[in-house]
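Asker: This is the structure I have questions about; it appears just below.
The values are calculated or read from the model by the stated rules, or taken from the named source; none is laboratory data. Treat the numbers as computed from the prediction; the structure is a model and nothing was measured. No Cβ is skipped: glycine too gets one built from the backbone with ideal geometry, and neighbour counts run over all protein chains shown.
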Amino acid sequence: MESAYWYNNAKQSFTLFIELSNTTFLGAQYNALGFNYLTTIGAGFELDSSNDPVFITRTRLLYRYTFGKDVSGFAIGLAMSF
C-alpha cells in the first residue's frame, strides 16, 4: 500500500509518500530464517525538476523501517531519473 500527497506549483512539484507492507512466508519458507513475517513502514518525498534546465528530472528519497519476530532494520533509498 502506498499513499501520496502531491503539491504542484508553476515551477516545481513535490510529492510525499507513505508506505506500509507486510510479507508472510508460507510453505517451505515458513520459519526457515527464524521468523515467518516482515512488516515495513516507510516515508519519503520526490522532487520533479523536469521543467528546469537540469540533467536530473526527478529525485526521490525514501526511508523504510522493517521489523518482525526478533529481527529489525532500516533502509535509506535515493533514486534519480535522467
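Asker: Every residue in region 72-82 that is more than 10 Å from the chain's Cα centre (by Cα), part of a strand (DSSP E or B) and in contact (Cβ under 8 Å) with a residue 24 or more places away in the chain, please.
Answerer: Pass one, region 72-82, residues more than 10 Å from the chain's Cα centre (by Cα): 72-74, 79-82.
Filter once more, keeping what is part of a strand (DSSP E or B): 72-74, 79-81.
Answer for region 72-82, where residues must be more than 10 Å from the chain's Cα centre (by Cα), part of a strand (DSSP E or B) and in contact (Cβ under 8 Å) with a residue 24 or more places away in the chain: Met80, Ser81.
Asker: While we're on this one: Would you mind telling me which numbered condition in (1) loosely packed, with under 13 Cβ neighbours inside 10 Å; (2) under 15 Å from Ile18 (Cα atoms) Ala43 fails?
Answerer: Ala43 satisfies every listed condition except (1).
Asker: Give me a count of the residues in region 45-64 that are assigned to a loop (DSSP other than H, G, I, E, B) and without any contact (Cβ under 8 Å) to a residue 24 or more places away in the chain. Reasoning before the result, please.
Answerer: At the first step, the residues of region 45-64 found to be assigned to a loop (DSSP other than H, G, I, E, B) are 49-57.
Right, trim to without any contact (Cβ under 8 Å) to a residue 24 or more places away in the chain and you get 50, 53-54.
Here the count works out to 3.
Listed here are the residues, each with its yes/no results for (1) under 13 Å from the mean Cα position of the chain (by Cα); (2) under 17 Å from Thr15 (Cα atoms); (3) modelled with pLDDT under 95; (4) β-branched (Val, Ile, Thr).
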| site | (1), (2), (3), (4) |
| --- | --- |
| Asn36 | no, no, yes, no |
| Phe45 | yes, yes, yes, no |
| Ser50 | no, yes, yes, no |
| Pro53 | no, no, yes, no |
| Thr66 | yes, no, no, yes |
| Asp70 | no, no, yes, no |
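Asker: Sort through Phe35, Phe67 and tell me the only one that's of a type in the set (Phe, Trp, Tyr) and either more than 28 Å from Asn22 (Cβ to Cβ) or part of a loop (DSSP other than H, G, I, E, B) (or both). Lay out the reasoning, then the answer.
Answerer: Values: Phe67 fails: either more than 28 Å from Asn22 (Cβ to Cβ) or part of a loop (DSSP other than H, G, I, E, B) (or both).
The unique qualifying residue is Phe35.
Asker: Taking into account only those residues within region 1-28 that are among the hydrophobic types (A, V, I, L, M, F, W, C) and at pLDDT 60 or above, which is surrounded by the most Cβ atoms within 10 Å (Cβ to Cβ)? If you could, list the steps in order and put the result at the bottom.
Answerer: Here is the first cut: in region 1-28, the ones among the hydrophobic types (A, V, I, L, M, F, W, C) are 1, 4, 6, 10, 14, 16-18, 20, 25-26, 28.
Within this subset, residues satisfying the condition of being at pLDDT 60 or above are 14, 16-18, 20, 25-26, 28.
On the way: Phe14: 13, Leu16: 13, Phe17: 17, Ile18: 13, Leu20: 12, Phe25: 15, Leu26: 7, Ala28: 7.
If we take residues in region 1-28 being among the hydrophobic types (A, V, I, L, M, F, W, C) and at pLDDT 60 or above, then Phe17 is surrounded by the most Cβ atoms within 10 Å (Cβ to Cβ).
Asker: If you don't mind, there's one more thing I want to ask. Quick check on my filter: what residues within region 55-64 are of a type outside the set (Val, Ile, Thr) and at pLDDT below 90? Show your work before the answer.
Answerer: Keep residues of region 55-64 that are of a type outside the set (Val, Ile, Thr), which gives 55, 58, 60-64.
Answer for region 55-64, where residues must be of a type outside the set (Val, Ile, Thr) and at pLDDT below 90: Phe55, Arg58.
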